[in-house]
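These notes concern the structure reproduced below.
Read-outs: derived from the displayed coordinates by stated rules, not from any lab. For clarity, every value in this text was computed on a predicted model and none was experimentally measured. With ideal geometry, Cβ positions are generated from the backbone for all residues, glycine too; neighbour counts draw on all protein chains shown.
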Amino acid sequence: MTNNSTSPQDQPWTILRLLTWSHHYLQEKGIPDPRLSSELLLAAVLGLDRLGLFLHYDQPLTAAELGAFKKKLIRRAGFEPVAYIVGQKEFWSLPFQVDSSVLIPRPETELLVEESLALIRADAGLRNLVELGTGSGAVIISLVKSLLPDGRQWGCLAAVDRSAPALKTAVANARRHGVDHFIRFIRGDWLAPFNRKRPWIQLLAANPPYLSAADLAGLDPGIRDFEPLEALDGGADGLDAVRVILAQARDHLVPGGWLLMEIGETQGSRVTDLARENGFDPVRILPDLAGKDRVLKARKP
Ligand SMILES: C[S@@+](CC[C@H](N)C(=O)[O-])C[C@H]1O[C@@H](n2cnc3c(N)ncnc32)[C@H](O)[C@@H]1O
């Protein structure tokens with residue numbers, strides 16, 4: 001791949017030609033969604049969106065653009081996720097900076113945001129909210145952005161993560177979205193940074209690591225080799241973090257407080273039992289758009 005007049009057909013590398021070539025290249029390497037990957041990478045290099053690419057199919061690329069695209073394409077051919085290569089992922093219709101220190105936010109996690117918003121909007125007195133395992137900050141930042149017009153007087157809005165690099169990314173995202181002054185980002189082990197003798201948390205939202213050892217062994221290389229293990233590894237049965245969070249949430253929530261927690265699609269009945277053993281009532285498992293068990297919604301009586 002060199003610029004202009006050196007191809008077999010002596011044709012310049014236009015957007016369309018490059019997309020066709022790179023699509024086949026990634027396909028041969030066994031990369032999932034090769035066309036989409038090519039489009040997203042090229043769009044990032046050219047500072048366009050995908051529609052912009054289609055509108056400029058005949059535009060020839062400069063040598064610098066070709067070089068930048070080639071570097072990204074080689075990374076993708078090694079199975080690195082597109083989001084890490086372009087440094088960004090959309091979640092809740094907002095762009096979030098991502099890097100290898102944070103999990104790439106998944107569309108199914110939007111259910112956690114949706115359910116949190118529903119609980120907050122239904123209770124004008126809800127003022128204290130904590131997110132556990134914030135990673136890129138996508139969940140709490142989406143929540144706060146959606147609630148800004150509400151004009152609510154917040155008591156404490158906090159987001160916890162054990163990973164310092166992840167918190168740095170979360171803070172950068174909060175700044176980018178103009179909500180950093182609303183949220184306290186705290187480094188710690190789940191709820192350990194807070195005093196449990198005087199419960200004050202009204203809503204806890206969490207997307208903890210919940211993959212079992214068997215899940216981890218079967219992961220696609222794009223996840224296994226690139227996303228942070230501490231964001232994925234839930235121990236032998238996948239429920240190590242879930243057990244800790246349920247036990248801590250029981251102590252830290254006010255009576256009537258809510259726990260919303262993302263879970264794996266096969267974990268619904270075991271997590272229901274664990275939540276009941278910890279005294280939560282009612283306990284419900286909510287399905288995602290694909291109909292799979294996805295979020296625990298449990299109340300401390
Ligand atoms: C599945 S990721 C969720 C990231 C983000 N909230 C999202 O939904 O995209 C889990 C997060 O929990 C953090 N984590 C893992 N163990 C933790 C612990 N003991 N205390 C606090 N955070 C922890 C990881 O660093 C990671 O950022």
Flag for Pro199 being out of contact with any helix residue (DSSP H, G or I) (no Cβ under 9 Å at 6 or more places or on another chain), more than 8 Å from the ligand (Cβ to nearest atom) and in a loop (DSSP other than H, G, I, E, B): no
Residues that are part of a strand (DSSP E or B) and among the charged types (D, E, K, R), drawn from segment 172-187: Arg184, Arg187
Hits in segment 119-142 (condition: within 10 Å of the ligand (Cβ to nearest atom), farther than 16 Å from Ser93 by Cα and part of a loop (DSSP other than H, G, I, E, B)): Gly133, Thr134, Gly135
Every residue from segment 116-157 that is surrounded by fewer than 16 Cβ atoms within 10 Å (Cβ to Cβ) and touching a Leu at 6+ places or on another chain (Cβ under 6 Å): none
Qualifying residue in segment 170-192 (condition: surrounded by 13 or more Cβ atoms within 10 Å (Cβ to Cβ), near the ligand (Cβ under 9 Å from one of its atoms) and under 17 Å from Val98 (Cα atoms)): yes
Subset of segment 228-242 [within 8 Å of the ligand (Cβ to nearest atom) and either in contact with a Leu (Cβ under 6 Å, 6 or more places away or on another chain) or of a type in the set (D, E, K, R) (or both)]: Glu230, Ala231, Leu232
Odd one out for Trp154 among (1) of a type in the set (A, V, I, L, M, F, W, C); (2) in contact with a Lys or Arg (Cβ under 6 Å, 6 or more places away or on another chain); (3) closer than 18 Å to Phe96 by Cα; (4) more than 15 Å from the ligand (Cβ to nearest atom): (3)
The listed residue being acidic (Asp, Glu), surrounded by fewer than 17 Cβ atoms within 10 Å (Cβ to Cβ) and in contact (Cβ under 8 Å) with a residue 24 or more places away in the chain, out of Asp237, Asp288: Asp237
Among (1) more than 22 Å from Lys300 (Cβ to Cβ); (2) part of a loop (DSSP other than H, G, I, E, B), the one test that Trp190 misses: (1)
Index of the failed condition, Thr109 passing every other in (1) near the ligand (Cβ under 9 Å from one of its atoms); (2) buried (at least 24 other Cβ atoms within 10 Å of the Cβ); (3) under 19 Å from Ile263 (Cα atoms): (2)
Helices (runs of 4 or more DSSP H) contained in segment 1-118 and holding at least 1 residues free of Cβ contacts under 8 Å to residues at least 12 places away in the same chain: 15-28, 34-46, 50-55, 63-77
Number of the condition not met by Pro209 [criteria: (1) away from the ligand (no atom under 14 Å from the Cβ); (2) within 25 Å of Glu90 (Cβ to Cβ); (3) in contact with a helix residue (DSSP H, G or I) (Cβ under 6 Å, 6 or more places away or on another chain)]: (1)
Residue pairs meeting the criteria (Cβ under 6 Å; at least 6 apart or on separate chains; first part of a loop (DSSP other than H, G, I, E, B), in segment 143-171; second more than 12 Å from the ligand (Cβ to nearest atom)): Trp154/Arg127; Gly155/Arg127; Gly155/Asn128
